[in-house]
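Bear in mind these aren't lab numbers, they're just calculated from the coordinates by the rules spelled out. Quick caveat: nothing in here was measured; it's all calculated off a predicted structure. As a convention, Cβ positions derive from the backbone with ideal geometry for all residues, glycine included, and neighbour counts pool all protein chains shown.
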Amino acid sequence: MNRVHTTLAQFAVAVTVTAAATGASAVTINWTDWQSSTTANGFTAQGQIVSGSELIDVTYNNPQGVGFFQDGSGGIDYWQNGRSGRNPATSPYTSSFVDNIPTGTDIVALRFAGTQTLSFSQTIANPVFSYVSLNSNGYAFDQDFEILSFGDASDGNDCGYWGCGTSSKQVIDLGGGNFEYRLVGTGEPHGTLRFTGAFDTVSWRSLTNEFWNGFTVGVQGTADQVFGDVPEPTSLALAGLGLLAAARRRRG
């Protein structure tokens with residue numbers, strides 16, 4: 001199935017509170033340093049994210065294979081503003097939430113329809129997903145997301161490496177209370193989206209075969225760093241009932 005897996009139910013209340021608090025100002029995103037790849041199980045890439053004193057291992061797997069892969073050791077910088085260098089003030093990838101452009105030349109370039117998965121060695125918070133040239137494709141998730149920015153004058157930004165384009169979200173009712181959230185666009189979409197919450201895997205489906213569209217991923221931090229320790233929802237509910245009972249006793 002195509003899904004972004006939320007994990008650790010004890011973070012449910014903290015996610016709601018922290019999302020409102022962190023959405024107000026830009027933060028430095030810890031981007032993946034892609035380091036190696038193999039053709040195991042189609043295609044598998046390994047990378048790392050450094051978040052303060054924490055080291056997060058990142059594994060990407062695509063059974064269909066990919067178009068190409070660049071680690072940080074060289075290659076074309078597809079994260080530029082157009083082809084004129086980097087300017088965070090007008091980058092397609094920065095916003096009121098994201099302060100910094102994806103680092104280096106790290107990118108995974110896709111070409112086949114099908115499902116792929118990112119896995120993290122620690123539960124991470126508020127993953128940020130940047131994409132390049134989503135022109136004849138789209139990505140389908142089963143969790144809602146927020147489009148933070150895209151490379152077009154209508155969003156106040158420079159174009160991306162391959163040109164200008166808008167990005168939008170389609171919500172598809174699959175029936176039975178199930179929904180699919182699709183990232184689509186017009187022209188040459190380059191941009192960034194965010195999932196809010198705690199995750200240990202992120203999976204999505206490329207809607208069509210198209211050579212090529214690319215991505216990288218970053219995080220605000222680990223779940224512990226961003227959300228801290230939060231009691232189980234059951235404990236919070238019981239505490240709430242206790243406070244309500246106490247209030248009724250005081251009113252009586």
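Residue 151: net charge of surrounding residues, Cβ under 9 Å, Lys/Arg +1, Asp/Glu -1, itself excluded?
Working: positive: none; negative: 152, 155, 158, 188.
Charge balance in the 9 Å sphere: -4.
Please compute the net charge surrounding residue 160, taking Lys and Arg as +1 and Asp and Glu as -1 over other residues with Cβ under 15 Å from its Cβ.
Values: positive: 83, 86; negative: 77, 152, 155, 158, 188.
Charge balance in the 15 Å sphere: -3.
Take 58, 50, 219 and order them by how many other Cβ atoms sit within 10 Å, fewest up front. Before the final figure, lay out the partial values.
Numbers: 58 22, 50 12, 219 25.
Listing 58, 50, 219 from fewest to most nearby Cβ atoms yields 50, 58, 219.
With a 10 Å Cβ neighbour count serving as the proxy for reagent exposure, in which order, fewest first, do 99, 106, 71 appear?
On the way: 99 13, 106 25, 71 19.
Starting with the residue having the fewest Cβ neighbours, the order is 99, 71, 106.
Taking other Cβ within 10 Å of each residue's Cβ, how do 128, 184 sort, fewest first? Numbers along the way, then the final one.
Values: 128 23, 184 16.
The fewest-first ordering by Cβ neighbours comes to 184, 128.
Roughly speaking, what is the centre-to-centre gap between segment 70-109 and segment 111-140 when only Cα atoms are used, to the nearest Å?
Value for the Cα centre distance between the two parts: 16 Å.
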